[in-house]
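The values are calculated or read from the model by the stated rules, or taken from the named source; none is laboratory data. Since we're looking at a predicted model, the values are computed, not measured. Methodologically, a virtual Cβ is constructed for each residue, glycine included, from the backbone with ideal geometry; neighbour enumeration extends over all protein chains shown.
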Amino acid sequence: MNISLLIPTLNAGEIWPQVLQSVNDQNIELADKIIVDSGSTDNTVAVGQQFGFKVININKSEFNHGGTRQLLVNAVPNADICIFITQDAILASPQSLTNIVNVFNDPEIGMAYGRQLPHKNAQILESHARLYNYPDESHVRAPDDIVKMGFKVFFCSNSFSAYRRDALLAIGGFSSDSIMGEDAIVAAKMLIAGYKKAYVADATAHHSHTYTLLQEFRRYFDTRVFHEQNKWLIDDFGKPTGEGIKFMKAELSYVVKHKKSRIFKSVFSLGAKWLGYKTGKFYKKLPTPVLKKLSMHSYYWK
């Protein structure tokens, strides 16, 4: 198959050479390696070119999670499989790309996502989030699973994901009118259209974030905005009932077991997430300057 690796970038920082080196260490031939950069002021573009990446430049104001990824898809018309990683995801094994591509030997697989491992210096809350959401066993979700699993059936992540290009185009490509969750929207549409979605546990990448309480608030504010913007997901798949409670219980249990000293950090973090999610429900009533302050994606609000 013709494989393209695609990365959106903006000031990728110190970790960037490690990301690119992990790509060059892969045991798979890539037809294309492309980054789309939205106005970096550091050496992101130069380092990308040093590692053999083609660069597409756009203005920072033009960036959109879905629209920018679709720009990359459109740039590789001969690709069979489009692989996306984020600028802070370090592929953990030389077989990571091969393993995620191999699942597409099943012609019914429309998209796949890999297992995210915490970065080696990750703190306990970030480590738990990765262990909770990315188990060590692979699985495939099919349209029949919608009734059984509801809202969580289309969970995925664009930090390390792959798409059958013709399937992606068949469901309309990436949405450009949602603040985030462009990957989840694609997964949901593919399942509705009859495709399968794969989670590939042996396709691994190190990817995690240490968020402040304000960042946690903003991230979950945007999550609620995403849910409000895409109410068809709830209509078609059901509400994400109880998922937040399950995560909260799992995190508190993990912290008590592994590092009790971080229990207050966990409680305040969970509180910030809850408050951000509840506040996001009312985003339509808030003026743009306020939205820019409450949102992690301030550029989205014009």
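Tabulated values for the structure
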{"read-out": "Of all residues in region 97-143 being farther than 21 Å from Lys260 by Cβ and aromatic (Phe, Trp, Tyr), the one that is farthest from the chain's Cα centre (by Cα)", "value": "Phe104"}
{"read-out": "Complete set of residues in region 97-146 that are of a type in the set (D, E, K, R) and assigned to a strand (DSSP E or B)", "value": "Arg115, Arg141"}
{"read-out": "Inter-residue pairs, beta-carbon under 9 Å, first more than 17 Å from Met1 (Cβ to Cβ) and of a type in the set (Ser, Thr, Tyr) and in region 58-87, second modelled with pLDDT of 95 or more and assigned to a helix (DSSP H, G or I), 6+ apart", "value": "Thr86/Val19"}
{"read-out": "Residue match in region 208-215 (condition: at pLDDT 95 or above and crowded, with 20+ Cβ neighbours inside 10 Å)", "value": "no"}
{"read-out": "Search result, residues across region 218-265 that are touching a Leu at 6+ places or on another chain (Cβ under 6 Å) and not aliphatic (A, V, I, L, M)", "value": "Phe221"}
{"read-out": "Meets criteria (of a type outside the set (A, V, I, L, M, F, W, C), touching a residue at least 60 places away in the same chain (Cβ under 8 Å) and assigned to a loop (DSSP other than H, G, I, E, B)) for Asp177", "value": "yes"}
{"read-out": "Matching residues in region 249-302 - criterion: being of a type in the set (S, T, N, Q) and either assigned by TED's automatic domain parsing to the domain that holds Glu182 or closer than 21 Å to Ser176 by Cα (or both)", "value": "Thr288, Ser295, Ser298"}
